[in-house]
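Okay, so here's the structure we're looking at.
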Amino acid sequence: MDWGTDLWDQYDIIDKHTQSGLELVEKYVKFVKERTEIEQNYAKQLRNLTKKYNPKRGCKEEQECRFSNHQSFLDILNEMNDYAGQRELIAENMMMNICIELTKYLQELKMERKTHLSEAKKAQQSLESTYKQLDSSKKRFEREWREADKAAQYAEKTDQDINATKADVEKAKQQANMRTHIAEECKNDYAAQLQKYNKEQSQFYFSDMPLIFNKLQDMDERRVRKLAQGYVLFSDTERHVMPIIGKCLEGVTKAGTNVNERNDSIALIEQYKSGFERPGDLDFEDYSQGINRTSSDSSLGTLGTPKGPLELLGKNRSKPFWLFSKKSKPTVMEDFGHLPPEQRRKRLQQKLDDIGKELQKEVDQSEALEKMKDVYEKNPQMGDPASLSPQINQTAQNMERLRGELNKYESWLSEAGRRGDLVLRRDTLREDALSYRSHSNNNGSTHEPYSPDGTHSEEGAPDPSHAIYAEFDDDFEEEVEELVAPIGQCTAMYNFPGASEGTITMQEGEVLSVVEEDKGDGWTRVRRANGNEGYIPTSYVSISLSK
């Protein structure tokens with residue numbers, strides 16, 4: 001069944017139906033747009049909500065994140081933020097895959113429908129024009145036939161009239177013959193026009209219009225299929241992100257199960273444990289034997305702790321320690337003496353670790369500057385060695401300052417009752433000490449040359465100002481290093497003499513194994529097939545690393 005056969009006489013119905021279909025597509029596009037706005041607003045509100053409850057940097061809430069219940073709440077906020085991102089993704093995909101696609105397709109359908117209706121109108125106009133010609137020829141044939149009939153009746157009447165002359169009779173007959181001839185011509189013309197109209201009418205109703213109606217039917221069915229796909233995408237768009245949304249919700253559940261009340265209690269103890277002993281009994285003061293206003297040795301006032309809780313509460317050491325009294329905020333001291341013993345030791349140890357890391361950075365930078373300076377001295381075209389002096393001096397000063405702070409905090413930690421973890425890893429201290437001696441020339445001591453691998457070429461005099469490292473001297477014994485697996489190969493582009501200690505000679509075109517990448521100092525560590533290792537300038541070789 002098709003429109004051209006069964007709805008051949010329902011042009012107006014087809015016109016209205018196709019227009020209604022296009023309006024439905026427009027309505028659905030508008031519906032999806034409003035849905036995307038809802039999703040976007042929902043996601044925006046979720047993001048604002050998580051931002052509102054996320055702790056600001058450095059605030060009290062952020063410091064409390066060491067507790068599992070606080071951290072789990074932050075995890076929930078992060079999961080909700082990800083959840084909001086999925087709602088935004090739903091809105092974006094609906095807008096791209098449904099709204100934009102259907103709007104574009106709708107414009108194409110409108111143009112196609114307009115073309116088909118225009119063809120139908122032209123066919124209708126052509127048929128109406130032919131019908132007008134037929135009607136005109138028919139009326140002319142009717143008129144001329146009447147005139148011919150009148151002329152024939154007049155000629156017959158004249159012929160019977162005894163008073164008419166022969167000339168009048170002949171004239172009347174000629175007129176009748178002429179009118180009859182014209183009428184016959186009109187009749188033939190009418191017959192031709194009728195045949196033409198019937199042919200065009202048959203073409204119109206059995207070929208042209210059915211073809212146009214079938215095209216409109218095909219267009220409408222394609223519209224329905226496309227719209228159905230849009231309906232399916234409406235659900236599929238959200239279904240595709242449901243696994244990720246499910247993971248977000250699983251993350252919320254996991255955050256709840258990760259809460260450990262016992263660990264939180266232990267963390268609170270570790271954070272705020274003072275290390276003080278509980279107050280002992282107060283001694284009886286017998287005023288009958290003389291006024292004794294001093295506190296007993298067992299009271300808190302006589303504790304040997306240099307910074308006790310009484311000093312945090314007030315200057316009157318004769319008063320007992322009130323657990324619920326309002327504590328004044330102590331003055332922050334550099335040695336953390338305002339803190340209880342346990343907390344003081346932790347803060348000092350943390351400070352020592354931070355200084356150690358900062359010192360290691362300065363040591364690494366010092367080594368890199370020394371290597372670069374050595375390269376500049378051997379290859380002046382690459383740079384001026386003197387340009388590095390300010391940076392070398394500044395690095396040496398920073399190292400000197402950090403060592404002073406390290407000594408200071410170590411002494412404070414020793415006073416706090418525990419020496420702490422002062423032992424840095426051996427290779428770090430070795431590089432630190434050696435690098436310091438290499439830079440001591442800036443302070444008036446002898447400068448020693450260093451090779452790129454960080455080893456010194458000759459022993460220098462020990463610096464008495466750094467006795468802190470004396471206890472680690474036994475750790476500076478040389479060890480046999482295990483061979484490291486190569487990470488790639490390199491091909492020499494230039495000759496390199498390898499004059500300084502720690503470097504290796506290289507010939508143009510020679511292929512070497514790369515053992516250690518360039519760490520930003522301009523040197524790469526390589527190995528020959530015979531096992532010899534050393535450093536070469538990175539810019540002298542073409543490197544190909546293994547994946």
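The values are calculated or read from the model by the stated rules, or taken from the named source; none is laboratory data. None of the values given here were measured: they were computed from a predicted structure. Cβ sites come from the backbone with ideal geometry, for glycine too, and all protein chains shown count toward neighbours. With ligands, DNA and RNA removed, areas are computed over all heavy atoms of the protein, side chains included. Shrake-Rupley method; radii C 1.70, N 1.55, O 1.52, S 1.80 Å.
When the C-alpha to C-alpha distance is required to be over 25 Å, the pairs from Lys351/Lys519; Lys104/Lys247; Lys16/Lys215; Lys351/Lys373 that qualify are Lys351/Lys519; Lys104/Lys247; Lys351/Lys373.
Between their Cα atoms, which of Lys56/Lys273; Lys254/Lys346; Lys357/Lys408; Lys27/Lys226 are more than 22 Å away from each other?
Long pairs (Cα-Cα over 22 Å): Lys56/Lys273; Lys254/Lys346.
Taking other residues whose beta carbon is less than 11 angstrom from the beta carbon of Val541, and scoring Lys, Arg as +1 and Asp, Glu as -1, yields -3.
At a 1.4 Å probe radius, carbon and sulfur cover how many percent of the accessible area of the range 341-419? Summing carbon and sulfur atoms, their accessible area is 46 percent of the total for the range 341-419.
Shape call for the range 3-266 from the C-alpha gyration tensor, a ≥ b ≥ c root eigenvalues: rounded (a/c under 1.5), prolate (a/b greater than b/c) or oblate? In terms of gyration-tensor shape, prolate. Averaged over its residues, the range 174-293 has an accessible area of 71 Å² per residue, based on protein heavy atoms and a 1.4 Å probe.
Which GluC sites (Glu not before Pro) in the range 75-156 sit in a loop by DSSP (not H, G, I, E or B) and have at most 14 other Cβ atoms within 10 Å of their own Cβ? Loop-located and lightly packed - none at all.
Looking at the range 488-545, the accessible area is 49 square angstrom per residue; that uses a 1.4 Å probe and ignores ligands, DNA and RNA. The trypsin sites (Lys or Arg not before Pro) of the range 210-296 that meet both conditions, a loop assignment by DSSP and at most 11 other Cβ atoms within 10 Å of the site Cβ, are Arg293.
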